[in-house]
Amino acid sequence: MTSIIGTVLDKRYEIIEIVGSGGMATVYRAKDLILNRMVAVKILKRELSNDEDFVMKFEKESQSAASLSHPNIVNIFDVGLDQGMHYIIMELVTGNTLRDYLNKMNGFMKEEAVINITLQIASALNNAHQNNIIHRDIKSQNILVNEQGSIKVADFGIARATTKSTIVNTKEVVGSVHYTSPEQARGGYVDERSDIYSLGILMYELTTKELPYVADTPVAVALKHLKDELPDLRLVNDQISEGLVSIIHKATQKDLNMRYQSVSEMIEDLKHVRNDKHYVVEEHIYLNDETMVLPKITEEDIMNHQLKKQNQNHSAKGKMPKNSSEDEQKNMKRKKGGKKAPVNKLNATLVVLAALLLSLLVFSVFAINKIQDMFKTEIVLMPYVTGLPSEEAIRILNEKGLIADTTEKRFDNTVEQGHVISQSLPEGEELKEGYTINLVISNGPVLVTTPNVLHQTLQKATVMIENVGLTIGEPTYEFDDLPAGMIIQQTPKAGVKVKEGETVEIVISQGVKITTVLIPNLAGNTLAEAEKALKDLGLKVGKVEELSSEDVEKGLVISNAGVGSEAKQGASVNLSISTGPDSTDPQVDPTTGAELTSRLFVIPTDTFINDPEAIKVEMVQGEVTTVVYEKTHAKDEKEVKFTIKGTGSAVINIYFSGQLVSTQYVEF
């Protein structure tokens, strides 16, 4: 078979390595590229993928199993088909199978550990059975022990939603033959009690480290399940208590009616044995006789029965009693001799007999009428008690002379806890007093724990919420310091128990809210004052340029860029800071000795040709040309200021990017 390592299923699940293989599927370790987590991928084998009926059942049953949520059941996240491969995405459990765990163990497992493991498996099965799903393949290879020592029941891939037609495939027994129940082996009806049988075989394996039925062929093993008694496990491990042995024996009874009828019964007995090693389970036959309509017995039936009985008594042959009279014996002799008895005596005898029969008949009719009166029952109409509190429903039924059976309880998201979900007979049904009515009582809604989706993306939060049976509401958005797209609030909060199907509302960050402000004129402020003023507006100080100034005191802002314009919060503003006059002593022209005079020049940046713009300023006096200013400025500075010192007259040439744009004649 071609290796699929490296294949990506549905553009999401990247196959990394093979983990194990069984009769139905191969399991791989894979990476969920969307949620960035490791998962287990079970891929159906090719030969089974070509069986359309099997694939259809496989997908339907896997989706049913995916609805289960229990700490001792491996979670199923997804089911799909890609590139001709039918697959199931499951929780990746790091650890060993229970079979591996037993193989590595020195000596036998302690009874306390056996009970603890069995209780966890039974709890998982009880949850599945309450959701009308049976596993059908309980075995040590399908029980995982994670690194923390907790139990996880896996491989609900061949589990089946229970219906009236739940029957094992007659072409091939589905399940592992060493653990299969007798009804599975013969291809018969399968229900929750089949899982109980397999769990009992697993308990035998836990206590002895070996299987009870072993043979050369699968058929021979199946026949042992059907015919052979369970071997005495105490011959292998004499440290196991009689109480635990009795539980294993009851769980593995070949007769369904002798076996535990529900996992919850088995759990109760396991808890008893855990607390009291001398506790022994009593065997009990659960009768399943069907109710039938009995025919009505009439007075005529009774009279016919009595007459028939009397005729049988009088027709019996025999000798005359020893204490009979001499005359009666003579009459008997005459009959034997062929002579007739006197007519008058015969008639008298017949009269006596007739009187006796009449008296007996009258007495019988009188007695029968009395007996019928004693057992006569009234006809009552079935009331409607669905939806009522169980106590009130029981009271109403008792007042009608009916008996309420409230042993069956179920979780229900629509019926309040302690109220009646359904009744076994409809309203208005005619019943005799004393009839038993089965009521199904609500355990209340299935409660699930809300996951923590704070700081997650919407996509990941949706998967997390839906995986536990909840729904995600329409998200709302707010500005926040957290990055855009990250969940910042959830209702209900993480860890709260809520009804299955409830909605989790979330709020998603839009990122930091950005607004615009007007840049103020900061001239005359100190650098610290300018920085505070900008910070209050959500702006910050950008480039700081120091310039000498005759007019602005040293340390104060000469000018700032963008005065009066709009800027986004967080933007930077460039400043020009005065260093004061170039010297405290008057400066003089070195040629003429005349005192130098300063002239301030201002260039609006909206005259720039380019952004930024390279500015160069030349001063021409006679034959002498001097570059007095050369810097690059951006348009958002609004204006450029600089000072030129000189004496007499001069020509000032201003260049933008080497192009002459202005010529001015000045007097100093």
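Here are a few things to note about the model shown:
- Selected residue (criterion: farthest from Lys631 (Cα to Cα)) from residues of region 571-610 that are part of a loop (DSSP other than H, G, I, E, B) and at pLDDT 85 or above: Ala571
Residues are listed down the side, and each one gets a yes or a no for (1) modelled with pLDDT under 90; (2) of a type in the set (A, V, I, L, M, F, W, C); (3) in contact with a Lys or Arg (Cβ under 9 Å, 6 or more places away or on another chain):
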residue	(1), (2), (3)
Leu358	yes, yes, no
Ala393	no, yes, no
Glu399	no, no, no
Thr407	yes, no, no
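- Flag for Leu223 being in the same structural domain as Met109 (by TED's automatic domain parsing), over 23 Å from Val114 (Cβ atoms) and not in a loop (DSSP other than H, G, I, E, B): yes
- The lone exception for Thr118 - which of (1) among the hydroxyl-bearing types (Ser, Thr, Tyr); (2) assigned by TED's automatic domain parsing to the domain that holds Arg29; (3) crowded, with 21+ Cβ neighbours inside 10 Å it fails: (2)
Let's see how each residue does on (1) free of Cβ contacts under 8 Å to residues at least 24 places away in the same chain; (2) small (Gly, Ala, Ser); (3) surrounded by fewer than 15 Cβ atoms within 10 Å (Cβ to Cβ); (4) not assigned by TED's automatic domain parsing to the domain that holds Ser264:
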{"residue": "Asp405", "(1), (2), (3), (4)": "no, no, yes, yes"}
{"residue": "His419", "(1), (2), (3), (4)": "no, no, no, yes"}
{"residue": "Ser424", "(1), (2), (3), (4)": "yes, yes, yes, yes"}
{"residue": "Glu429", "(1), (2), (3), (4)": "no, no, yes, yes"}
{"residue": "Ile437", "(1), (2), (3), (4)": "no, no, no, yes"}
{"residue": "Val453", "(1), (2), (3), (4)": "no, no, no, yes"}
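- Residue in region 97-107 that is touching a Lys or Arg at 6+ places or on another chain (Cβ under 8 Å), more than 23 Å from Pro182 (Cα to Cα) and not assigned by TED's automatic domain parsing to the domain that holds Ala185 present: no
- The set of residues in region 654-668 being farther than 12 Å from Phe601 by Cβ and without any contact (Cβ under 8 Å) to a residue 60 or more places away in the chain consists of Tyr655, Phe656, Ser657, Gly658, Gln659, Leu660, Val661, Thr663, Tyr665, Glu667.
- Helices (runs of 4 or more DSSP H) contained entirely in region 1-112, each with at least 1 residues that are polar (S, T, N, Q) and modelled with pLDDT of 85 or more: 98-104
- Filtered residues of region 226-260 (kept if among the β-branched types (Val, Ile, Thr) and crowded, with 17+ Cβ neighbours inside 10 Å): Ile240, Val245, Ile247, Ile248, Thr252
The values are calculated or read from the model by the stated rules, or taken from the named source; none is laboratory data. Computed from a predicted structure; not experimentally measured. No Cβ is skipped: glycine too gets one built from the backbone with ideal geometry, and neighbour counts run over all protein chains shown.
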